[in-house]
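So that we are looking at the same thing, I have put the structure below in C-alpha cells.
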Amino acid sequence: MRLVFAGTPEVAVPALDALLASDRHEVAAVVTRPDAPAGRGRRLVASPVAQRAEEAGIEVLKPGRPREEDFLARLREIAPDCCPVVAYGALLPKAALEIPARGWVNLHFSLLPAWRGAAPVQHAVLAGDEVTGASTFLIEQGLDSGPVYGVTTETVRPRDTSGDLLERLSHSGAGLLVATMDGIEDGSLVARPQPADGITLAPKITVDDARVDWEAPALRVDRLVRGCTPAPGAWTLFHGERLKLAPVALAADRTDLGLAPGELAVGKNAVHVGTGSHPVELTEVQPQGKKRMRAADWARGARLASGDRLGE
C-alpha cells in the first residue's frame, strides 16, 4: 500500500523504521507536529519522526492543525491507501479521516478497551497491571474507540518505569503495525469492535498528579514514581523547594525505623522515608536547580537533621 505515516516523538520512530524496511509498502510522506522549542536556548527543533523522515528523504508535512486546507489538499494529492499513526499528538478531523481509502490505523500502547487516552503506559504502571500490550485499530471520531485489527502483549516487570515499558512496546508494536498493514492490504485482517466491558481511561499525567503523597502505602508510592518516570517526573517538597525523585526501593524489612509518613532516616549509605505503610529507600534525587545525584550524597550535602520530612 501507499502510506502516509503520522507520528511525533521518539517512541514512534521504531514503527516508521519498520514500515520503511517493509518491501510490501511505500511510505510516501510523514505527518508530524510542528517544530518545537527545546533546550536552554529554546531553539526550534524538528520532532524525532521528522528528523528520521528527512534522513530517509521522505516528504514531511507539519500542519499546525490537521484541519488546515493546505494540509488536506496535499494529503489528497499524495492519495495514500492507508495512514498508520503512532503518537501523532493531534486530533484528526473528519475531512482528514475520509481521505485514505483504508482509513487511519493507530498503534495504541494498551490492550483496548483498557486505557484509552493519552497516557496508557503510565496508567498501566500506576494501576499495578501485570500485563499490558499494544493494539492496532481503525480511528473513528471517538477516543480510541475504533474496531481493533490486532494486539500484542507485554509483561509489566516489577521494576519497570513507564519509560522502560514504552521502549519495549515501541518495538513489539512496530512489528504489529507492519503485520496490520500487511493484513489490511491482502484482506486477511478484519477489524473487530471493541468489547463494551473493561473500558478504562488514561488521561495525560500532569505535574500535579506526579506529586508524591507520603500518607499513601509504600506500594502506591513506588508505582507513582515508576509511572511518572521519565515524564512528567515524580516529585516532593523539601524545605519548600521541589525535589525530583528517581524510582524508590521498597524496604518492607525496615519497619524498625518507626518512620512517620514523609519522615527521613539517614544512614551512612542509605536514605529511608516513611510512608503510610512501611518505609521506602530513596535511590537518586534531583534538587531544584541541580543535577541528579545519589540520595546519600544529597543527604550529606543538605545536612539533614533528625525529624526532617519530605512533603513539607
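The values are calculated or read from the model by the stated rules, or taken from the named source; none is laboratory data. Because the structure is predicted, anything quoted here is derived from the model rather than measured. We place every Cβ from the backbone using ideal geometry, glycine too, and count neighbours over all the protein chains shown. For the accessible areas, the whole protein counts, side chains as well, though only heavy atoms, and no ligand, DNA or RNA atoms are used. Shrake-Rupley method; radii C 1.70, N 1.55, O 1.52, S 1.80 Å.
Based on what the data block shows, is Arg168 out of contact with any strand residue (DSSP E or B) (no Cβ under 8 Å at 6 or more places or on another chain), basic (Lys, Arg) and open to solvent by 20 Å² or more (accessible area, probe 1.4 Å)?
Details: out of contact with any strand residue (DSSP E or B) (no Cβ under 8 Å at 6 or more places or on another chain): no; basic (Lys, Arg): yes; open to solvent by 20 Å² or more (accessible area, probe 1.4 Å): yes.
When the stated conditions are applied, Arg168 does not pass them.
So which of Thr236, Thr206, Thr180, Thr229 ends up being open to solvent by less than 40 Å² (accessible area, probe 1.4 Å), part of a loop (DSSP other than H, G, I, E, B) and of a type in the set (Ser, Thr, Tyr)? Steps first, please.
Numbers: Thr236 fails: part of a loop (DSSP other than H, G, I, E, B); Thr206 fails: open to solvent by less than 40 Å² (accessible area, probe 1.4 Å); Thr180 fails: part of a loop (DSSP other than H, G, I, E, B).
Within the list Thr236, Thr206, Thr180, Thr229, the selection yields Thr229.
Still on this structure, please answer the following. Just wondering, is there one or more residues in region 13-31 that are touching a strand residue (DSSP E or B) at 6+ places or on another chain (Cβ under 6 Å), touching a residue at least 60 places away in the same chain (Cβ under 8 Å) and among the basic types (Lys, Arg)? Steps first, answer last, please.
Kept after step one, since they are touching a strand residue (DSSP E or B) at 6+ places or on another chain (Cβ under 6 Å), are these residues of region 13-31: 15-16, 19-20, 25-31.
Imposing the further condition that a residue be touching a residue at least 60 places away in the same chain (Cβ under 8 Å) reduces the set to 15-16, 19, 25.
Checking the rest, the ones that are also among the basic types (Lys, Arg) come to none.
There is no residue in region 13-31 that is touching a strand residue (DSSP E or B) at 6+ places or on another chain (Cβ under 6 Å), touching a residue at least 60 places away in the same chain (Cβ under 8 Å) and among the basic types (Lys, Arg).
Mind checking which residues of region 171-208 are modelled with pLDDT of 95 or more, among the aliphatic types (A, V, I, L, M) and more than 28 Å from Arg24 (Cα to Cα)?
Ile199, Leu201, Ala202, Ile205, Val207
Looking at region 169-193, which of its residues are within 18 Å of Gly146 (Cα to Cα) and in contact with a Lys or Arg (Cβ under 9 Å, 6 or more places away or on another chain)?
Met181, Ile184 - these are the residues of region 169-193 that are within 18 Å of Gly146 (Cα to Cα) and in contact with a Lys or Arg (Cβ under 9 Å, 6 or more places away or on another chain).
If I ask for residues that are in contact with a strand residue (DSSP E or B) (Cβ under 6 Å, 6 or more places away or on another chain) and either among the hydroxyl-bearing types (Ser, Thr, Tyr) or part of a helix (DSSP H, G or I) (or both), which ones from region 132-154 would you list?
Thr132, Ser135, Thr136, Tyr149, Thr152, Thr153, listed by residue number.
Kindly establish whether Val4 is part of a strand (DSSP E or B), of a type in the set (Val, Ile, Thr) and open to solvent by less than 20 Å² (accessible area, probe 1.4 Å). It would help to see each step written out before you state the result.
Numbers: part of a strand (DSSP E or B): yes; of a type in the set (Val, Ile, Thr): yes; open to solvent by less than 20 Å² (accessible area, probe 1.4 Å): yes.
Answer is yes for this residue.
While we're here: Residues in region 132-145 that are of a type in the set (D, E, K, R) and open to solvent by less than 30 Å² (accessible area, probe 1.4 Å): how many? It would help to see each step written out before you state the result.
Of the residues in region 132-145, the ones of a type in the set (D, E, K, R) are 140, 144.
Okay, now just the ones that are also open to solvent by less than 30 Å² (accessible area, probe 1.4 Å), so 144.
The total comes to 1.
Search region 209-226 for residues being of a type in the set (Gly, Ala, Ser) and either at pLDDT below 95 or more than 23 Å from Gly117 (Cα to Cα) (or both), and hand back the single one that is surrounded by the fewest Cβ atoms within 10 Å (Cβ to Cβ). Spell out how you get there, then give the answer.
Just the residues of region 209-226 that are of a type in the set (Gly, Ala, Ser), to begin with: 210, 216, 218.
With either at pLDDT below 95 or more than 23 Å from Gly117 (Cα to Cα) (or both) added as a condition, the list becomes 216, 218.
Numbers: Ala216: 16, Ala218: 21.
The qualifying residue surrounded by the fewest Cβ atoms within 10 Å (Cβ to Cβ) is Ala216.
A further question follows. Could you run through region 159-172 and say how many residues are assigned to a helix (DSSP H, G or I) and either on the phi > 0 side of the Ramachandran plot or within 13 Å of the chain's Cα centre (by Cα) (or both)? Lay out the reasoning, then the answer.
Of all residues in region 159-172, those assigned to a helix (DSSP H, G or I) come to 162-172.
Those left that are additionally either on the phi > 0 side of the Ramachandran plot or within 13 Å of the chain's Cα centre (by Cα) (or both): 162-170.
Going through region 159-172 one residue at a time, the tally reaches 9.
Under 9 Å by Cβ, and 6 or more places apart or on different chains, what pairs join a residue from region 181-204 that is within 15 Å of Leu107 (Cα to Cα) with one that is of a type in the set (Ser, Thr, Tyr) and open to solvent by 80 Å² or more (accessible area, probe 1.4 Å)?
So the pair list comes out as Asp182/Ser188.
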